[in-house]
1. Is it true that some residue in segment 126-133 is surrounded by 17 or more Cβ atoms within 10 Å (Cβ to Cβ), in a strand (DSSP E or B) and at negative phi?
2. Condition test on Asp244, is it of a type in the set (D, E, K, R) and either farther than 30 Å from Pro338 by Cα or surrounded by 19 or more Cβ atoms within 10 Å (Cβ to Cβ) (or both)?
3. If a residue has to be out of contact with any Gly (no Cβ under 6 Å at 6 or more places or on another chain) and either closer than 22 Å to Val278 by Cβ or buried (at least 17 other Cβ atoms within 10 Å of the Cβ) (or both) to count, how many in segment 207-219 make the cut?
4. For segment 33-68, which positions are in a strand (DSSP E or B), touching a residue at least 12 places away in the same chain (Cβ under 8 Å) and touching a Pro at 6+ places or on another chain (Cβ under 9 Å)?
5. Out of all the residues in segment 63-79, is one or more closer than 30 Å to Lys191 by Cα, surrounded by fewer than 20 Cβ atoms within 10 Å (Cβ to Cβ) and out of contact with any His (no Cβ under 8 Å at 6 or more places or on another chain)?
6. Pro258: under 13 Å from Leu187 (Cα atoms) and either assigned by TED's automatic domain parsing to the domain that holds Asp51 or surrounded by 22 or more Cβ atoms within 10 Å (Cβ to Cβ) (or both), yes or no?
7. Being more than 26 Å from Ala347 (Cβ to Cβ) and either at pLDDT 90 or above or over 22 Å from the mean Cα position of the chain (by Cα) (or both) is the filter here, so list the residues in segment 116-143 that pass it.
8. Can you confirm whether segment 51-64 contains a residue that is within 27 Å of Leu266 (Cα to Cα) and modelled with pLDDT of 90 or more?
Amino acid sequence: MRVLFVSRPAEGGIRRHLKLLRCELKSRGVDIAVAGPDASEAATYPCNITDGIHPGSDFVACRQIREAISHFGPDVVHYHGFKAALLGRSLNVDGIPAVCTLHGFMLRDGIYKRVGPLMAAVERWQSRRTDAYIAVSNALKQHFVQSVGLPEAKIVVIPNPVEVPPVEAIGSRPAGSLQVIGTSGRLVREKGLDTLIDAVKALGDAAPVLLRVAGDGPAREELQQRVRKHHLESKVTFLGYVDDMYGFFAGIDVYVQPSVSEGFGLACAEAMAMGIPVVVSDAGGLSELAGHGEFGLVFPTGRTEALSQAISRLLADKELRDELGQKGRESILLRFSPAGVADKTLALYQSILDRTT
């Protein structure tokens, strides 16, 4: 079986998702190629897919996707993200089966509130050229069925694969007077980091903590201004992009994901895989990830006081931290192994080919 992945350049969770899935599928005998960013573990065709609508560069990207399909001759084309799928399916004239992975919500606040209805209408039209959708959480599936109007029968829930480190990679953080909370992700408003910064302020001196933020993005300056406004410069550190996430997780006591919109939450799942106790908002797939409170603490999205109380509860109770850390790691091993995700994805490809050949 030959499968072409099409994706825009991506950092962080999506990039790790794609790499794990490509490697697992390749180990199962699938011939994988990529139209998009360089992939050392697969043949790569140049394809520059940008964010937003840019007629000139979008036309070039369409042509590049077409050339990759023509040259590689895939049995299935697997699009990752709305923009890649929009461009690729618009020119899929050869009847090659198309799969589209839904990584995030389509109808949200901000710019998406203005263009969302148009995007939804386009996606409903494009669904006729889509053999199957993969939603990375049940929350995403329900969103695309109920709010966007996609056919439920075409959407399969297959979560992101999570690389589980060996037990020997998990160490205890050295004891110290200050406890450390961490978060990771692209610095955009959807990640809800303003609420987390406000929660650190609300904790006050009664809970001596440090906050480490891994990641970068357009909201960084705005967030740093918020830190300065609250006089938290000695408590909050922006690390920028972090390549060694194992090292990052090993240096924190509690991981927090305060997103206002989150399809899955791969960085949070990776923290759980390291045995780190987590606090997550109830946005999107995060509460599913935390077992709706079974494997981590869940707070109402955007509620600063509730978040600060959850953090304070975990920091004050080592027994609870250890219990949730162990349960979280076990749940990731059971639910999100790369091998299991690859098996489900390969089974979906095969079912599509069986129907169309």
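The values are calculated or read from the model by the stated rules, or taken from the named source; none is laboratory data. No experiment lies behind these values; they were computed from the predicted model shown. Heads up, the Cβs are rebuilt from the backbone with ideal geometry, glycines too, and the neighbour counts pull from every protein chain shown.
1. Taking every residue of segment 126-133 in turn, at least one turns out to be surrounded by 17 or more Cβ atoms within 10 Å (Cβ to Cβ), in a strand (DSSP E or B) and at negative phi.
2. Working: of a type in the set (D, E, K, R): yes; either farther than 30 Å from Pro338 by Cα or surrounded by 19 or more Cβ atoms within 10 Å (Cβ to Cβ) (or both): no.
When the stated conditions are applied, Asp244 does not pass them.
3. Step one: filter segment 207-219 for residues out of contact with any Gly (no Cβ under 6 Å at 6 or more places or on another chain), giving 207-211, 213-214, 217-219.
Of the ones still in play, those that are also either closer than 22 Å to Val278 by Cβ or buried (at least 17 other Cβ atoms within 10 Å of the Cβ) (or both) are 207-211, 213-214, 217, 219.
Within segment 207-219, residues that are out of contact with any Gly (no Cβ under 6 Å at 6 or more places or on another chain) and either closer than 22 Å to Val278 by Cβ or buried (at least 17 other Cβ atoms within 10 Å of the Cβ) (or both) number 9.
4. Our first condition is that a residue be in a strand (DSSP E or B); within segment 33-68, this holds for 33-35, 43-45.
Subset that is touching a residue at least 12 places away in the same chain (Cβ under 8 Å): 33-35, 43, 45.
Passing the criteria: Ala33, Ala35.
5. no
6. Numbers: under 13 Å from Leu187 (Cα atoms): yes; either assigned by TED's automatic domain parsing to the domain that holds Asp51 or surrounded by 22 or more Cβ atoms within 10 Å (Cβ to Cβ) (or both): yes.
Spelling it out, Pro258 is indeed under 13 Å from Leu187 (Cα atoms) and either assigned by TED's automatic domain parsing to the domain that holds Asp51 or surrounded by 22 or more Cβ atoms within 10 Å (Cβ to Cβ) (or both).
7. We begin by selecting, within segment 116-143, every residue more than 26 Å from Ala347 (Cβ to Cβ); these are 116-122, 124-125.
Once the filter is applied, which keeps residues that are more than 26 Å from Ala347 (Cβ to Cβ) and either at pLDDT 90 or above or over 22 Å from the mean Cα position of the chain (by Cα) (or both), segment 116-143 yields Pro117, Leu118, Ala121, Val122, Arg124, Trp125.
8. For segment 51-64, residues within 27 Å of Leu266 (Cα to Cα) and modelled with pLDDT of 90 or more: absent.
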